[in-house]
Amino acid sequence: MIKNERQYRITKAQAEKFDQALRDLQEGTENSKVPSALIAAQADALHSQLEDLRSEIREYELLSAGEISAFELDTLEQLPRALIRARIASGLSQKELAHRLGLKEQQIQRYEATDYSGANLSRINEIVGALGIKLRKGLGLLFSSLSLSSFMERLTEAGLERMFVLNRLLPSSLSGQLVEDSSKGRPVEALIIQCAGIVGRVYDWTVEEILGTEPLSISSAALGAVQFKRPAVFDKRRLLAYTVYARHLAHLMLSALPETEPKDIPTDPAIVRKDVLNSYGSITFEHLLRYAWDLGIVVFPLADPGAFHGACFRVEGRSFVVLKQKTSSEARWITDLLHEIFHLGGHQSEREFGLVDADDMPGGTGLAAEEEEKDAMWFAADVALEGRAEDLAHECARLCDFDLRRMKKAVQQVAARENVRVDLLANYMAHRLSLENQDWWGAAQNLQKSDLKPWIAARNVLFERLAFSRLREIDRELITSAFQESEVE
């Protein structure tokens, strides 16, 4: 937002430069050796930034001309921006407003530069009065009760844990300032309003709802057409809250991804295996990632612990897979990706769809007995193990005479003899044994490859395709925070 005449002149100059750069790019297209797709992407980015600058210029000109003069706030989220807009519309410079309040010009400049995050309640009320802004009845009382602890307590009760809010939902600069100012006893009311507005965009809550007294609840609109596969014991509030977050990320990505025609998603493991081998030569996690993208499936990894194990969504006809593993085992990531691809293939006619696997361990209580989960498990295993998953499992069991103490050696011997990957076979054996209520995951983990970084691979393939320039700044920050490498275990 343009806040003074100096910024107005700078913004106009920037707009002229972007406009000239766009014309130069268009004029040089005919003889250019640069791929047309890259030129189109560059033009799209320039045009988007130019429109943002022009919008800011138009708003400032209308305010300065007095064509926007009435300011009555219906929501607290509007307050910081309204203070600045009202000052401009009143014909007051920052210096003149400061004089009216008995302050130095630099103080108003600092307030506006930070959207009034450093102003306390009494100072904001003084400015509201000086500018003639009307607050809807009840907003002033709500505003006076804000604190970081009450804000976080409200969100925690709704299933949003403190560190999730600070590390994922809020921009790092904002969350850092909020925590620091609160710990040092500085005013945080305006910061909390800003934070509530950001959280509310994800969960379809108003600022007043977040800061009020009624219990916060997840709306069906925010969840979309999502089904849940969950164990007997789970944290419902956290599951719903994290599901909305993951689906919101998918929705934001739609505008930043290249358009693609929907393709049939095979559910025959032989077809999938053949297609991957023909295109990429081997079954690896990265090759399966690229195969999924070839089908138009957007794959993205999340690193936050708990909530759910994996998920797939279809949003406005586009397919998404969310992978959420704590382990670096490539076999586990391969299995999870194939598992979610199968679910999407089985629901391809549904334009809006979601399936969330809330179990912490594949094959755990409440999941393995469901037929679709069994089919997804066998599909994944047959793609990975050449369609011989069950035969290989029976051979392992026969070789060790059904003695789990000898299973590890048997799996190694069968994998070597049959020329299949030992980590994939061990992973399937653990799945298979869990159907019989036997826990072999610890031994299977010892046979996994751990020198790869599947989370990083999935994130990098995603970033190859995301056009961040198409996103609003607040959405870019949310997506960037979701994929911070430092959060991966």
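The values are calculated or read from the model by the stated rules, or taken from the named source; none is laboratory data. In this text the structure is predicted, and so the values were computed from the model without any measurement. No Cβ is skipped: glycine too gets one built from the backbone with ideal geometry, and neighbour counts run over all protein chains shown.
Tabulated data
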| read-out | value |
| --- | --- |
| Lone unmet requirement of (1) at pLDDT below 95; (2) closer than 20 Å to GLU209 by Cα for GLN177 | (2) |
| Odd one out for PRO262, checked against (1) surrounded by 18 or more Cβ atoms within 10 Å (Cβ to Cβ); (2) in contact (Cβ under 8 Å) with a residue 40 or more places away in the chain | (1) |
| Scan of region 352-379 for residues that are within 26 Å of the chain's Cα centre (by Cα), of a type in the set (A, V, I, L, M) and modelled with pLDDT of 85 or more, ordered by number | LEU355, VAL356, ALA376 |
| When residues of region 187-201 are limited to those that are under 25 Å from PRO305 (Cα atoms) and free of Cβ contacts under 8 Å to residues at least 60 places away in the same chain, the one surrounded by the most Cβ atoms within 10 Å (Cβ to Cβ) | CYS195 |
| Residue in region 445-454 that is closer than 27 Å to PHE300 by Cβ and part of a helix (DSSP H, G or I) present | yes |
| Hits in region 386-403 - residues which are in a helix (DSSP H, G or I) and surrounded by 15 or more Cβ atoms within 10 Å (Cβ to Cβ) | ALA389, LEU392, ALA393, GLU395, CYS396, ALA397, LEU399 |
| Region 395-414: number of residues that are more than 15 Å from ASN446 (Cα to Cα) and among the hydrophobic types (A, V, I, L, M, F, W, C) | 6 |
| Count of region 408-422 residues which are surrounded by fewer than 23 Cβ atoms within 10 Å (Cβ to Cβ) and not in a loop (DSSP other than H, G, I, E, B) | 10 |
| Among the residues listed as ASP204, ASP235, ASP268, the single one being modelled with pLDDT of 95 or more and either more than 22 Å from ARG314 (Cα to Cα) or surrounded by fewer than 19 Cβ atoms within 10 Å (Cβ to Cβ) (or both) | ASP268 |
| ALA307 vs. criteria closer than 30 Å to LEU166 by Cβ and buried (at least 24 other Cβ atoms within 10 Å of the Cβ) | yes |
| GLY118, sole failed condition from (1) in a loop (DSSP other than H, G, I, E, B); (2) within 34 Å of the chain's Cα centre (by Cα); (3) modelled with pLDDT of 85 or more | (3) |
| Selection from region 224-244 of residues that are assigned to a helix (DSSP H, G or I) and touching a helix residue (DSSP H, G or I) at 6+ places or on another chain (Cβ under 6 Å) | VAL244 |
| Unmet requirement for ASP475, which otherwise passes all of (1) under 22 Å from ARG332 (Cβ atoms); (2) part of a helix (DSSP H, G or I) | (1) |
| Count of region 184-212 residues which are touching a helix residue (DSSP H, G or I) at 6+ places or on another chain (Cβ under 9 Å), of a type outside the set (A, V, I, L, M) and more than 18 Å from ARG238 (Cα to Cα) | 10 |
